[in-house]
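Engineer: This is the structure, below, for whatever I ask next.
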Amino acid sequence: VEELGVFVFQKTRYFLLQSSTGRGLLAFDAGWPSSFAGYAKALKTTGHRIEEVRWALVSHFHLDHAGLVRDFQDRDIVCIVFEGQLGAIDGMEELVMRKYPDYRPIKRAELLPLRTSESRSFLEGLGIAAEIIPTPGHSEDSVSLVTDDHQVLIGDLYPPSQIMEDDAVSHRSWDRIRAMGGRRIYPSHAEVFELED
Ligand SMILES: [Zn+2]
């Protein structure tokens, strides 16, 4: 990946991946509901503008990660949904609509369905050398993005040191990240850290 853009907004880290072919940016996670203007302003600290974002995917459908998907769609940003994520949208939106009366639902028919197994070739087409893998644990629908230069965007997957012994699902997710060569780990709500063997 040419450059990883990182910015913090409302206690959450958001990420931008740049296409090596100059086609625009891929956003990893879409901010809280009703926060578009603030998200766009915070994004500017990376030296980019929201208008450069052409694609988006979310680590999982919780409101601090996927609350702006509809706002993105309204700005012609192509929003990707992975297998296992579609079923998580209802739960998020029920919660969001209780808290944010102005919330407009995601346009499901306009989501771009993608299998994680196809993510490498899809991202290659955008000029981004990375792969998406399922990493359930924090939620069933969680995915992580692993770049070919060993950076890993994990969303809310708990760090290895914080996982209970019997949480086999989360441990398997970390096994998968290790197998992919992940080294530099970017959590959404904590500082970056290096993954130990
Ligand atoms: Zn979450």
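The values are calculated or read from the model by the stated rules, or taken from the named source; none is laboratory data. Model, not experiment: these values are computed from the prediction. We place every Cβ from the backbone using ideal geometry, glycine too, and count neighbours over all the protein chains shown.
Engineer: Confirm whether ARG104 is among the charged types (D, E, K, R), part of a loop (DSSP other than H, G, I, E, B) and either more than 16 Å from the ligand (Cβ to nearest atom) or surrounded by 13 or more Cβ atoms within 10 Å (Cβ to Cβ) (or both). If you could, list the steps in order and put the result at the bottom.
Structural biologist: Numbers: among the charged types (D, E, K, R): yes; part of a loop (DSSP other than H, G, I, E, B): yes; either more than 16 Å from the ligand (Cβ to nearest atom) or surrounded by 13 or more Cβ atoms within 10 Å (Cβ to Cβ) (or both): yes.
When the stated conditions are applied, ARG104 passes them.
Engineer: Can you tell me which residues in region 17-53 are more than 13 Å from the ligand (Cβ to nearest atom) and of a type in the set (Asp, Glu)?
Structural biologist: Result: GLU51, GLU52.
Engineer: Scan region 139-153 for residues that are in contact with a strand residue (DSSP E or B) (Cβ under 7 Å, 6 or more places away or on another chain) and within 16 Å of the ligand (Cβ to nearest atom) and report the count. If you could, list the steps in order and put the result at the bottom.
Structural biologist: Residues of region 139-153 in contact with a strand residue (DSSP E or B) (Cβ under 7 Å, 6 or more places away or on another chain): 142-148, 150-153.
Next, only the ones that are within 16 Å of the ligand (Cβ to nearest atom) stay: 142-145, 153.
Going through region 139-153 one residue at a time, the tally reaches 5.
Engineer: Return the residue satisfying two criteria in turn: it lies in region 34-48 and is among the small types (Gly, Ala, Ser) and part of a helix (DSSP H, G or I), and of such residues it is surrounded by the fewest Cβ atoms within 10 Å (Cβ to Cβ).
Structural biologist: Restricting to residues being among the small types (Gly, Ala, Ser) and part of a helix (DSSP H, G or I), the top hit is ALA37.
Engineer: Looking at region 109-119, is at least one residue under 17 Å from the mean Cα position of the chain (by Cα), free of Cβ contacts under 8 Å to residues at least 40 places away in the same chain and within 16 Å of the ligand (Cβ to nearest atom)?
Structural biologist: no
Engineer: For region 1-46, what are the residues that are farther than 21 Å from ASP102 by Cβ, in contact with a Phe, Trp or Tyr (Cβ under 8 Å, 6 or more places away or on another chain) and among the β-branched types (Val, Ile, Thr)?
Structural biologist: Selection gives VAL6, VAL8, THR45, THR46.
Engineer: Going through region 164-189 one residue at a time, which ones are in a loop (DSSP other than H, G, I, E, B) and either at pLDDT 95 or above or not aliphatic (A, V, I, L, M) (or both)?
Structural biologist: GLU165, ASP166, ASP167, MET180, GLY181, GLY182, ARG183, SER188, HIS189
Engineer: Inspect region 127-136 for any residue being of a type outside the set (Phe, Trp, Tyr), in contact with a helix residue (DSSP H, G or I) (Cβ under 9 Å, 6 or more places away or on another chain), within 15 Å of the ligand (Cβ to nearest atom) and assigned to a loop (DSSP other than H, G, I, E, B) and give the result as yes or no.
Structural biologist: Yes, region 127-136 has at least one match.
Engineer: Moving to a separate point now. Looking at region 54-71, is at least one residue of a type in the set (S, T, N, Q), more than 14 Å from the ligand (Cβ to nearest atom), outside any strand (DSSP E or B) and at negative phi?
Structural biologist: no
Engineer: Still on this structure, I have one more. Of everything in region 154-194 that's among the aliphatic types (A, V, I, L, M) and within 26 Å of ALA30 (Cβ to Cβ), which residue is nearest to the ligand (Cβ to nearest atom)?
Structural biologist: That would be LEU157.
Engineer: Determine which member of the set VAL6, VAL58 is surrounded by fewer than 17 Cβ atoms within 10 Å (Cβ to Cβ), among the β-branched types (Val, Ile, Thr) and touching a strand residue (DSSP E or B) at 6+ places or on another chain (Cβ under 8 Å).
Structural biologist: From the options VAL6, VAL58, the qualifying one is VAL6.
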